[in-house]
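Input: a single structure, listed below in structure tokens.
Read the figures in this text as sums done on the coordinates, not as results from a lab. Since this is a predicted model, take the numbers as computed values, not measurements. Quick reminder, even Gly has a Cβ in these numbers, built from the backbone with ideal geometry, and neighbours come from all protein chains shown.
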Amino acid sequence: MLSSILTWVGALLGVGVLLAMACGAFVLDFDDSRRAEKSAS
């Protein structure tokens, strides 16, 4: 029982970390493109 709970907690944490990394990369990329547009104009 405990091992299955730990497995689920670990899986959810892993998914959360992956989502956070994906969102962070997207935000940084978006911010970079916005800054490039500002400096270009």
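Side notes on the structure shown:
- Helix-only mean residue ellipticity at 222 nm for the chain, each DSSP H run of n ≥ 4 adding -39500 (n - 2.57), per residue, nearest 500: -35000 deg cm²/dmol
- Low-density loop positions, trypsin sites (Lys or Arg not before Pro), the chain - DSSP coil, at most 16 other Cβ in 10 Å: none
- Cα-derived Rg over Rh, computed across the chain with Rh taken as Kirkwood radius: 1.43
- Electrostatic tally near Gly24: other residues with Cβ closer than 14 Å to its Cβ, Lys and Arg +1, Asp and Glu -1, net -3.
- Length available on full extension from Ala11 to Asp32: 0.36 nm per residue minus the Cα-Cα distance, which gives 4.4 nm.
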